[in-house]
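All of the numbers you see were taken from the coordinates with simple rules; none came from a lab. Every value quoted in this text rests on a predicted model; they were computed, and no experiment measured them. Please note: Cβ atoms are built from the backbone with ideal geometry, for glycine as well, and neighbour counts cover all protein chains shown.
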Amino acid sequence: MLSFESTVTVMRKALKDLWLNQTALQELYRDCIDPVCKKYDLSEIEFKILLFIFKYPELNRAADIVKCKGLSKSYVSLSVKNLTAKGLLIGRRTETDHKNIYLYVTPEAEAICNEGLKAQRKYLDILLGGFEKEEVDQFLVYFNRINKNVKNAHDEKLAAKKKKKTS
């Protein structure tokens, strides 16, 4: 059995390898989604935005997309404009919120979104190839714990910044 220090060293190497392999991961993802993007004349960002709104309809403002996807405001704005012009998104203001425009996937876009989800499943199938269900379940337990640690650290950083500003 490895000591905790040895385990951390192995983990650091694994994370470094994953980080260095990020380009290959992104290329693999593009290879999986590219047929859908070409078929429907979508840029990669348009594809990501369309699927994001389809999968997370409660996060349907441009500001939500910028925050959650890490895309620039200008890319999101241009992509939303293009998706709207293609009839794949519609934007609406609500009676109670005249400030924000809420984005919705149109019925014409649903087939595209379903094909996009299949492309994303293909990507995951490649990533998880050779893993048993129990291994994936255990990985998810650890991955969720890591995500929680990252979120907590990020929240603490934001709280400290906010506290510093009010001091």
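Quick look at the values:
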{"quantity": "Karplus (6.51, -1.76, 1.60) ³J(HN,Hα), θ = phi - 60°, over segment 144-155, in Hz, Gly and Pro reported as x", "calculated": "5, 5, 4, 4, 5, 4, 5, 4, 4, 5, 5, 4"}
{"quantity": "³J(HN,Hα) computed for each position of segment 54-62 - Karplus, 6.51 cos²θ - 1.76 cosθ + 1.60, integer Hz, glycine/proline x", "calculated": "5, 7, 10, x, 7, 10, 10, 9, 4"}
{"quantity": "Extreme residue, positive dipole direction of the chain, given options V80, T96, G130 (C-beta unit charges)", "calculated": "T96"}
{"quantity": "Cβ-based exposure ranking for V76, V66, V141, in which fewest neighbours within 10 Å come first", "calculated": "V141, V66, V76"}
{"quantity": "Additional length obtainable on full extension of the chain from D34 to E108, 0.36 nm per residue less Cα span", "calculated": "24.7 nm"}
{"quantity": "Three semi-axes of the equivalent ellipsoid, segment 61-142, Cα gyration tensor, whole Å, largest first", "calculated": "33, 17, 12"}
{"quantity": "Within-13-Å neighbourhood charge of W19 [Cβ basis; K, R +1; D, E -1]", "calculated": "+2"}
{"quantity": "Low-density loop cleavage sites - GluC sites (Glu not before Pro) in segment 93-167, where at most 11 other Cβ are within 10 Å (DSSP)", "calculated": "E95, E132"}
{"quantity": "Nearest-ten-degree value, helix 4-20 long axis tilted from longest Cα axis of the chain", "calculated": "40 degrees"}
{"quantity": "Cα-based reach from K157 at 25 Å (exclusive), listing lysines while leaving out same-chain residues under 8 positions away", "calculated": "K16, K67, K69, K73, K148, K165"}
{"quantity": "Calculated from backbone phi, Karplus (6.51, -1.76, 1.60) coupling profile of segment 37-49 in Hz, x at Gly/Pro", "calculated": "4, 5, 4, 10, 6, 10, 6, 4, 5, 4, 4, 4, 5"}
{"quantity": "The chain: C-alpha gyration tensor shape, a/c 1.5 cut-off, then a/b vs b/c", "calculated": "oblate"}
